[in-house]
Structures are given as structure tokens and as C-alpha cells.
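Heads up, the thing below is written out as C-alpha cells.
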Amino acid sequence: MNCQNAQSMVLNFINNKLDKEETKAFIEHVRDCKDCWEELEIYYVMLVGLKQLDEGEELAADFRKKLQNEVESRYVEIEREAKRKHIAKIITILVTAAILIWMFAYLISAMLL
Ligand SMILES: [Zn+2]
């Protein structure tokens, strides 16, 4: 992802409108790109700050920390889900293999007896 792509996704990221792939690519970019991180920070402070004012909430003292936590937790969640899917796939393969082996053994024993 380049900076132009990343910066065009900032608003959608904050509003949680990116799909998982996009979110992951976006986070991977802004983590390492100072410019885009700053862009994200500016919009985040603005939007979240406005929302909190609007809802009469007390303003979060540390937006930076809040943003960092949010970015990290979203990333961890995506990774976790990818891992879950991966494990599910492995289990499916193992179960299929076990059934095939069982059928094969059954056929062999049927032929021998
Ligand atoms: Zn960038």
C-alpha cells in the first residue's frame, strides 16, 4: 500500500468501514509510516473528540494512547481470526485424511478377507 492509498482510507478506518484485508494492510502501513500515522492521528483526534463532545462525554486525556490501543487491538483481532481460520482448515484436512485412510483400510481388509 502506498501513502496515497493509506491516506484515502483514514476516514473509513476510523469509522470502521474497511474490510479485514484493508484494515490489516492499512495498519501495517501506518505503523511504519510517520506521515500517514500523523494524518490518522489528526483525523482521529478531530472525529473522536467531536463525538465525545457531542455525547457530553469527558474528553479523553490521551488520544494518542487511545488511538494506539485501538489500532493494536484491531490488528490483534484480525490476526486472531486469521489464525482461527487457519486452524479450522487444518482440522478439516486432518478429518478428511482420517476418513480417506479409514476407507482405504476398509477396502483393503474387504479385499483380503
Ligand atoms: Zn504512508
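FYI, it's all coordinate maths here, none of it is from the lab. Values in this document were obtained by computation on a predicted structure and should not be read as measured data. Every residue, glycine among them, receives a Cβ derived from its backbone with ideal geometry; neighbour counts consider all protein chains shown.
Per residue, the Cα convex hull of region 3-81 amounts to 90 Å³.
For residue 65, the aspartates and glutamates whose Cα comes closer than 14 Å to its Cα, not counting residues fewer than 8 places off in the same chain, are 38, 41. Dividing the helix sum by the residues of the chain, where each DSSP H run of 4 or more adds -39500 (n - 2.57), gives a mean residue ellipticity at 222 nm of -30000 deg cm²/dmol. Rounded to whole numbers, the Karplus 3J(HN,Hα) couplings from phi for region 76-89 are 4, 4, 5, 4, 4, 5, 4, 5, 4, 5, 4, 5, 4, 5 Hz, using 6.51 cos²θ - 1.76 cosθ + 1.60 with θ = phi - 60°, and x at Gly and Pro.
Of all aspartates and glutamates in the structure, those lying under 17 Å Cα to Cα from residue 20, and not within fewer than 8 positions of it along the same chain, are 28, 70, 72, 77, 79, 81. Using the Karplus relation 6.51 cos²θ - 1.76 cosθ + 1.60 with θ = phi - 60°, the per-residue 3J(HN,Hα) values for region 12-23 come to 5, 5, 4, 7, 6, 10, 8, 7, 4, 4, 5, 4 Hz, with x marking Gly and Pro. Remark: the residue 89-residue 111 segment gains 4.6 nm on full extension, using 0.36 nm per residue and subtracting the alpha carbon distance. Using the Cβ-Cβ distance between residue 64 and residue 28 with R0 = 25 Å, the FRET efficiency computed as 1/(1 + (r/R0)^6) comes to roughly 0.80.
Across region 3-81, C-alpha contacts under 8 Å between residues 6 or more apart give a mean separation that, scaled by the residue count, equals a relative contact order of 31 percent.
Remark: region 97-107, residue by residue, has Karplus-estimated 3J(HN,Hα) of 4, 4, 5, 4, 5, 4, 5, 4, 4, 5, 5 Hz, where x stands for each Gly or Pro and the curve is 6.51 cos²θ - 1.76 cosθ + 1.60 at θ = phi - 60°.
The Cys residues in the chain with no partner Cys Cβ within less than 4.7 Å of their Cβ are 3.
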